[in-house]
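Taken together, the values in this text are just the output of simple stated rules run on the coordinates, not laboratory data. None of the values given here were measured: they were computed from a predicted structure. Heads up, the Cβs are rebuilt from the backbone with ideal geometry, glycines too, and the neighbour counts pull from every protein chain shown.
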Amino acid sequence: MDKTRRLNGGEALGAIGPRRAASSLHAPRGGEPLHPKGRTAIRRGRAGIQIRAYVSDAVDSPAVAWEDDFDERYVAGRLLGKGSFGEVFLATDRHTGQEVAVKDMRAKRGRLTTERTLQKITNEVVVMRAVQAAHAMVRLLGTFKQGDRYRIVMEHCGGGDLKYHLKAGGPFSELQAALVAYEILEVIRACHDRNIVHGDVKTANFVLKSSRINPFGRGKGPRVLENGWMKAIDFGCSQFVDDSTRMRSRVGTPVFMSPEVFERNYSFESDLWSLGVLLYQLLSNRFPFWSPAEAGSVSTVHDVIEAVNSREPDFGYGPWQHISTDALDFLTGLLDKNYRTRMSAEDALGHQWIARHIRRDSQGALMLSNIVPLGTVGAESTAKTATTAAPDLLVPTGAVIVPA
């Protein structure tokens, strides 16, 4: 029987306890294994499904080079945040003066062995490198080992996460939600194209690059949103998986988990469900399967499972009375409890609701068909930070343009 766990303010569960399926350093489709010196392991999950993984023989995996000169290159600054397995702090490059975010993690997590912990940390870095071509990914600047700590250095994003902006400004407009949906779908598609399940799509994992370029404020602001205006952060729950594999280990944040994740039988489709929950939350400032008055009683994984399994998304109140039919069709396509008929990332990107709000010009730039209220909410010093990315890949030069 599964242990009951508190939701703990929306934190991801991670993989607690022994894995039932492999979170592997697997090759992208059509490519060489990203973990070339690993050995191939075949395991059987429930229902006899084979699970193929690349497993490192060495504790210090060859997939990531961990440098040892962090103090020579950076000056550590203030703490930005803490999690269950480490913390994030601000640092400054000694040579360029650039501010960066540093994710600092212990070499041993809970009941996991040191080797298994390093495999998980390495997996996060390899995932980020695999999808760096997506412009909404934070840049990875370096990986370091210092004593029994591992450090991932990334660009610092100071514009606040979606959770912060929802709390600060209230429900998003359809256009604002479509902007978010488009950017997140590009990240999800990049992951799925590389055989990666993101595993933790939620409001806290998408951050504005800067508070100076903010489409969620009340005032009028810039008409152009350059590529990279919003960044995907934290890929600690992401997993490489074969097309034919159904995963068994519950990872992610319970309130964003799909029905098949609860059933321990999931794959790529689960990310689209999580996006549906995220967009529902942005548009209404609540979750789809319980009211704000009931939120206090939904405090465990089992409470979430019961609510999701016994109810349908509530579109019968408040903001949903004025939402477009395209938006409703989009949301219901994502919040389809049957993963076999749920929209894919490609389906969602081609949906009429996205097409109505976002289009490309002849040079490939992205243009919005309506005006977005732009402004600044909060200051860079009070906003949240990013978590992971990779360095040397080109970022697309297109921009999102807001017509006057």
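Each principal axis of the Cα cloud of the range 170-241 was taken in turn, and the coordinate range along them, longest first, works out to 44, 24, 20 Å.
Protection proxy ranking of 77-86, 329-338, by the mean of other Cβ atoms within 10 Å over each peptide's residues and highest first, is 329-338, 77-86. Taking each residue as 0.36 nm, the span from Ala355 to Ser244 lengthens on full extension beyond its C-alpha to C-alpha distance by 36.9 nm. The distance linking the range 263-297 with the range 300-324 is 8 Å (Cα centroid to Cα centroid, whole angstrom). Kirkwood radius and radius of gyration were both taken over the C-alpha atoms of the range 66-188, and their ratio Rg/Rh is 1.01.
Entry for the range 182-287 at q = 0.13, 0.20 Å⁻¹: log10 I(q)/I(0) = -0.52, -1.05, Debye formula applied to identical alpha-carbon scatterers, no solvent contribution. Each of the peptides 314-323, 142-151, 265-274 was scored by the mean count of other Cβ atoms within 10 Å over its residues; in descending order, highest first, they stand as 265-274, 142-151, 314-323. Scoring 178-187, 110-119 by mean Cβ neighbours within 10 Å over their residues and listing the highest first yields 178-187, 110-119. Of the residues Phe256, Met343, Thr332, the one whose Cα sits farthest toward the positive end of the charge dipole of the range 246-346, with +1 on the Cβ of Lys and Arg and -1 on the Cβ of Asp and Glu, is Phe256.
Taking label points 7 Å from Cα along the Cα-to-Cβ direction, Ala107 and Arg311 give a separation of 4.7 nm.
Taking the fewest neighbouring Cβ atoms within 10 Å as the starting point, the ordered list for Val277, Val75 is Val75, Val277. Scanning residues 5 or more positions from Gly217 or on other chains, those with amide H under 5 Å from its amide H are Gly375, with H placed 1.01 Å from N in the peptide plane.
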